[in-house]
Amino acid sequence: MITIGVVDTMFARHDMGADALEELASCPGHGETFNVLRRTVPGFKDLAVAAKLMIERDGASIVIACGMPGSADIDKVCAHEASQGLMQAQLMTSTPILEVFVYEDEADDDATLAMVFENRTKGHARNAYWLLFEPDQLVARAGRGIRQGFGDAGPLLTA
């Protein structure tokens, strides 16, 4: 059976792991073709090691790494470093790790921020499923300006 890993953080202001699990549970084959393993770490700087361990020890074929950088400049620097760690873990394991970061200052109010958390996390969970089981779904959406979080940007219109 294929394992999809989900690693999230305590620091995030939204339960991103629950959103990822909910989306994956709605995918065909859940529990029969693939299972989902969840781990939670303190903060986003801990995601890379947790994702790498899910791949190496638990046999995850892909990992969804969810975190929330704060709004301070130092938080954005730390998010960059955490992102570098996730990229390095991907290269070390030759396994996709989808980074799902929602920045605390992406929205001006809590309701909008909660929408971004849910949409981005569920969108990337679905992307993980498609990467493993239905890659043509991604190909069909190539170049269409599809985003996770806020609305799609749409494709460029040329004359």
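The values are calculated or read from the model by the stated rules, or taken from the named source; none is laboratory data. Remember, it's a predicted structure, so these values are computed and weren't measured experimentally. Here the Cβ is made from the backbone with ideal geometry for all residues, glycine too, and neighbour counts use every protein chain on show.
What to note about this one:
- Hey, PHE117 aromatic (Phe, Trp, Tyr), closer than 30 Å to GLU32 by Cα and out of contact with any helix residue (DSSP H, G or I) (no Cβ under 7 Å at 6 or more places or on another chain) or not: no
- Checked across region 43-54, the condition of being at pLDDT below 95, buried (at least 18 other Cβ atoms within 10 Å of the Cβ), in contact with a Gly (Cβ under 9 Å, 6 or more places away or on another chain) and not aliphatic (A, V, I, L, M) holds for at least one residue.
- ARG57 being at pLDDT 95 or above and surrounded by fewer than 16 Cβ atoms within 10 Å (Cβ to Cβ): yes
- Qualifying residue in region 74-94 (condition: at pLDDT 95 or above, buried (at least 20 other Cβ atoms within 10 Å of the Cβ) and among the β-branched types (Val, Ile, Thr)): no
- Residue, nearest to LEU21 (Cα to Cα), within region 102-159, restricted to residues that are aliphatic (A, V, I, L, M) and part of a loop (DSSP other than H, G, I, E, B): VAL102
- Residue match in region 118-126 (condition: out of contact with any His (no Cβ under 7 Å at 6 or more places or on another chain), farther than 25 Å from CYS27 by Cα and at pLDDT 95 or above): no
- Any hit, region 35-50, residues being without any contact (Cβ under 8 Å) to a residue 40 or more places away in the chain and of a type in the set (Gly, Ala, Ser): yes
- Selection from region 76-113 of residues that are within 20 Å of GLY149 (Cα to Cα) and over 15 Å from the mean Cα position of the chain (by Cα): LYS76, HIS80, GLU104, ASP105, GLU106, ALA107, ASP108, ASP109, ASP110, ALA111, THR112, LEU113
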